[in-house]
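Following: one structure in structure tokens, then a few remarks.
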There are 2 protein chains.
Amino acid sequence: MAKRKVSASLPDYRFAAAPTSLQPGASPKSAAPTVTFDLSRFDPGARPFSSGDKATDKARVAELAVELDKLQDLFYADRRFKLLVVLQGTDTSGKDGTIRDVFGEMSALGVRTAAWKAPSDDELAHDYLWRIHEKVPANGEVVIFNRSHYEDVLVPVVQGRITKEQRAQRFAQINDFERLLTETGTTVLKFFLNISKDVQRERLQERLDDPSKHWKFQVGDLAARKSWDAYQAAYGAAIAATGTPWAPWMVVPADSKTQRNLMVAMAVKEALLRLKLRYPPGDPSLSKIKVT
Amino acid sequence: MAKRKVSASLPDYRFAAAPTSLQPGASPKSAAPTVTFDLSRFDPGARPFSSGDKATDKARVAELAVELDKLQDLFYADRRFKLLVVLQGTDTSGKDGTIRDVFGEMSALGVRTAAWKAPSDDELAHDYLWRIHEKVPANGEVVIFNRSHYEDVLVPVVQGRITKEQRAQRFAQINDFERLLTETGTTVLKFFLNISKDVQRERLQERLDDPSKHWKFQVGDLAARKSWDAYQAAYGAAIAATGTPWAPWMVVPADSKTQRNLMVAMAVKEALLRLKLRYPPGDPSLSKIKVT
């Protein structure tokens with residue numbers, strides 16, 4: 001296998017407004033940070049972690065998926081932490097593919113995907129975080145949000161159903177909510193899968209041309225594509241306002257599926273290693289028992 | 001009926017650290033306010049809203065309960081708002097009695113009581129607000145929390161299971177959480193039912209002396225009574241830190257059941273009137289239809 005030449009480090013792609021770490025008991029302001037964040041500076045076609053050879057990169061993703069499976073087994077046994085992975089991105093940005101390729105080796109024992117449809121009457125009658133909070137991970141659990149509460153600061157903004165002021169209020173509410181989660185033992189990893197408009201056209205056309213992919217296509221996808229610029233602006237604003245020290249965003253170049261998988265897998269692995277997981281201490285008397 | 005002489009106004013018993021009103025879009029700091037609050041200044045035997053005649057006061061409570069029933073009917077039809085009533089207080093402080101006497105006339109259609117047992121394994125594996133958020137009111141709903149998330153800043157403090165720093169963090173989390181609720185249409189009314197240690201002794205003894213009341217008695221109640229001062233201090237600290245403009249506390253003199261009921265009923269009525277409730281506009285064509 002060719003030696004991998006890595007030309008960038010993960011933190012280059014991580015966005016957190018203030019790089020201070022959060023101390024228990026500290027009470028940082030949760031208001032949306034006012035920072036400049038320009039999504040267009042991020043190249044969806046970048047290959048920062050590529051070895052230069054596609055087959056090698058793919059093999060590396062497969063290796064990482066196996067490593068992540070082992071780490072998740074340990075994470076589940078350890079039971080001290082919770083892991084929340086938020087996947088956001090436009091249609092065809094590769095959320096499903098990421099779940100399959102990066103998290104696919106992990107056991108269903110302790111791993112769960114959460115997704116939400118258009119809100120029901122009962123959900124609409126509650127605050128928008130109500131149905132989100134319900135699905136957060138428990139100790140030992142890995143939960144992947146396939147879209148998330150961030151839809152509530154994207155779609156209604158583009159459709160003009162909430163004002164900028166209401167959006168700012170939601171940003172602050174989301175920061176508070178994610179702070180609660182991290183302060184109570186959750187690692188929150190947020191990935192924006194960043195594709196170009198051209199790649200989206202190719203992928204949508206592919207879905208239309210292949211009847212076996214029609215189930216993934218919805219007419220609404222074309223309407224959303226017409227609002228491409230508005231959605232990019234909305235994503236940019238959301239990442240700027242909710243990239244916090246406790247729950248930073250990572251902007252993932254996602255025009256290449258392999259590069260996308262590679263970066264997400266590396267980031268999840270890094271996060272799990274940082275937890276210094278361990279199997280719970282065994283009961284020494286157990287090893288003396290003979291099962292007859 | 002004798003003319004009622006009211007010697008105090010409700011705001012005298014309301015505790016909010018900063019008397020500013022919350023504007024949508026504003027992002028006040030959610031950190032626990034550092035204020036001095038001395039619970040012992042509040043007399044559990046006070047009768048600020050009494051007419052001076054017990055029968056008259058009782059009749060007034062019954063009247064108010066009927067008025068609250070009518071207001072709740074309107075509240076349910078209106079569907080624009082949510083009402084959360086938090087009842088806290090030591091054992092025998094009258095939480096159950098308040099629910100029966102003040103909210104008893106309201107219809108089960110749109111009114112719900114929520115209470116929590118010792119947390120299950122699954123609940124313990126989540127943040128402590130997870131099981132609370134699940135039970136918050138929907139639009140048109142009145143929900144009464146018979147004890148609440150405040151137990152999580154009382155019992156573990158008195159039992160030494162969390163530090164002062166962890167408590168401060170929880171205060172800030174609770175303020176954030178209640179701010180989310182109010183910003184999304186919930187009126188949050190928090191009542192501390194304030195009884196004296198003497199009255200608690202009488203009521204506990206009553207429960208022991210009357211076999212038909214044994215179901216309300218638990219041996220743990222006597223242990224908690226031994227920590228009376230620690231609980232009073234913990235309540236004082238909680239009220240000081242979480243009496244916010246968006247979710248103020250009301251300290252209710254509760255040695256007299258009638259006075260307690262009177263004050264809670266008045267406060268709930270005032271809150272409902274402030275919402276300027278209305279039946280949703282009718283469809284004018286409906287009144288022309290003849291049902292045959």
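3J(HN,Hα) along the range A:204-221: 5, 4, 4, 5, 6, 7, 10, x, 6, 10, 4, 4, 8, 9, 10, 4, x, 4 Hz, from the Karplus curve 6.51 cos²θ - 1.76 cosθ + 1.60 with θ = phi - 60°, whole Hz, x for Gly and Pro. For the segment B:156-168, counting C-beta atoms of other chains within 10 Å of every residue's C-beta and taking the mean gives 1.
Structural descriptor for chain B: relative contact order 34 percent, calculated from alpha carbon pairs under 8 angstrom and at least 6 residues apart. For the range A:13-278, the per residue solvent-accessible surface stands at 43 Å², with DNA, RNA and ligands left out and a 1.4 Å probe. Neighbours of residue A:246, meaning other residues whose beta-carbon lies under 10 angstrom from its beta-carbon, give a summed charge of -1 when Lys and Arg score +1 and Asp and Glu score -1.
In order along the range B:81-95, the phi-based Karplus estimate (6.51 cos²θ - 1.76 cosθ + 1.60, θ = phi - 60°) of 3J(HN,Hα) comes to 10, 10, 10, 10, 10, 9, 10, 10, x, 5, 3, 6, 6, x, 5 Hz; Gly and Pro are listed as x. Using a 1.4 Å probe on the protein chains only, how many percent of the accessible area of the protein assembly as shown belongs to carbon and sulfur? That share works out to 54 percent. A label point on residue A:109, set 7 Å along the Cα-to-Cβ line, lies at 5.0 nm from each of its counterparts in the other copies, closest listed first.
Applying the Karplus relation 6.51 cos²θ - 1.76 cosθ + 1.60 with θ = phi - 60° to the range A:274-287 yields 3J(HN,Hα) values of 4, 6, 6, 5, 8, 5, x, x, x, 8, x, 5, 4, 6 Hz, where x marks Gly and Pro.
For the range B:196-292, a simple Cβ point-charge model (Lys and Arg +1, Asp and Glu -1, everything else neutral) yields a dipole of about 520 debye relative to the Cα centre.
What is the protein assembly as shown by shape, rounded, prolate or oblate, if you read a ≥ b ≥ c off the alpha carbon gyration tensor as root eigenvalues and call it rounded for a/c under 1.5, prolate for a/b larger than b/c, and oblate otherwise? It is prolate, given that a/c is not under 1.5 and a/b is the larger ratio.
Interface of A with B. Using a 1.4 Å probe and counting protein heavy atoms only, the two chains hide about 2400 Å² of accessible surface, both sides summed.
The Cα atoms of the range A:50-169 give a gyration tensor whose axes a ≥ b ≥ c have a/c of 1.5 or more with a/b no greater than b/c, which makes the shape oblate.
Ordered from longest to shortest, the equivalent ellipsoid semi-axes for the range B:152-286 are 34, 24, 13 Å, each the square root of 5 times a Cα gyration tensor eigenvalue. Relative to the other identical copies, residue A:201 shows label-point distances of 8.6 nm, where the label point lies 7 Å from Cα along the Cβ direction and values run shortest first. Give me the tail of P(r) for the range A:34-81 as a percent: Cα-Cα pairs with distance above 13 Å. Cα-Cα pairs of the range A:34-81 separated by over 13 Å account for 72 percent.
Largest first and in whole Å, the equivalent-ellipsoid semi-axes of the range B:13-278 read 26, 25, 19, each the square root of five times a Cα gyration tensor eigenvalue.
Candidate cross-link partners of residue B:135 among the aspartates and glutamates, defined by an alpha-carbon separation under 15 Å and a same-chain spacing of 8 or more, comprise A:122, A:123, A:127, A:134, B:123, B:127, B:178.
Taking amide H positions as modeled 1.01 Å from N, with prolines and chain starts lacking one, the residues under 5 Å from residue A:243 and 5 or more places away or on another chain are A:17.
Taking amide hydrogens as placed 1.01 Å from N in the peptide plane, the amide H of residue A:111 sits under 5 Å from those of A:142, each at least 5 positions away in sequence or on another chain. Can you classify the range A:231-272 as rounded, prolate or oblate using the Cα gyration tensor, where a ≥ b ≥ c are the square roots of its eigenvalues, rounded means a/c under 1.5, and otherwise it's prolate if a/b beats b/c and oblate if not? The shape class here is oblate.
The range A:90-129 and the range B:204-220 have Cα centres spaced 49 Å apart. Computed extension gain for residue A:112 through residue A:213, at 0.36 nm per residue and net of the alpha carbon distance, reaches 34.0 nm. Each Lys or Arg adds one and each Asp or Glu subtracts one; over the other residues with Cβ under 12 Å from the Cβ of residue B:130, this totals -2. In the range B:172-200, which residues give up 20 Å² or more of accessible area once the other protein chains are added, compared with their chain alone (1.4 Å probe)? Hits at the 20 Å² cut-off: B:172, B:173, B:176, B:179, B:180, B:183, B:184.
Could you let me know the centre-to-centre spacing of the range A:42-60 and the range A:147-168, using Cα atoms, in angstrom? One Cα centre to the other: 33 Å.
Looking at the P(r) of the range B:82-149, how many percent of alpha-carbon pairs lie beyond 21 Å? Summing the P(r) tail past 21 Å for the range B:82-149 gives 30 percent. The H on the amide N of residue B:190, modeled in the peptide plane, is under 5 Å from the matching H of B:86, B:250, each at least 5 residues off or on a different chain.
This model, with +1 at the C-beta of Lys and Arg and -1 at the C-beta of Asp and Glu, gives chain A a dipole about its Cα centre of some 660 debye. Converting the Cα gyration tensor eigenvalues of the range A:211-292 into ellipsoid dimensions via √(5λ) gives semi-axes, longest first, of 44, 22, 13 Å.
The values are calculated or read from the model by the stated rules, or taken from the named source; none is laboratory data. Note that this is a predicted model, so its numbers are computed, not measured. For neighbour counting, all protein chains shown are included, and Cβ atoms are generated from backbone atoms with ideal geometry for every residue, glycine included. Areas reflect the complete protein model, heavy atoms only, side chains present, ligands, DNA and RNA absent. Shrake-Rupley method; radii C 1.70, N 1.55, O 1.52, S 1.80 Å.
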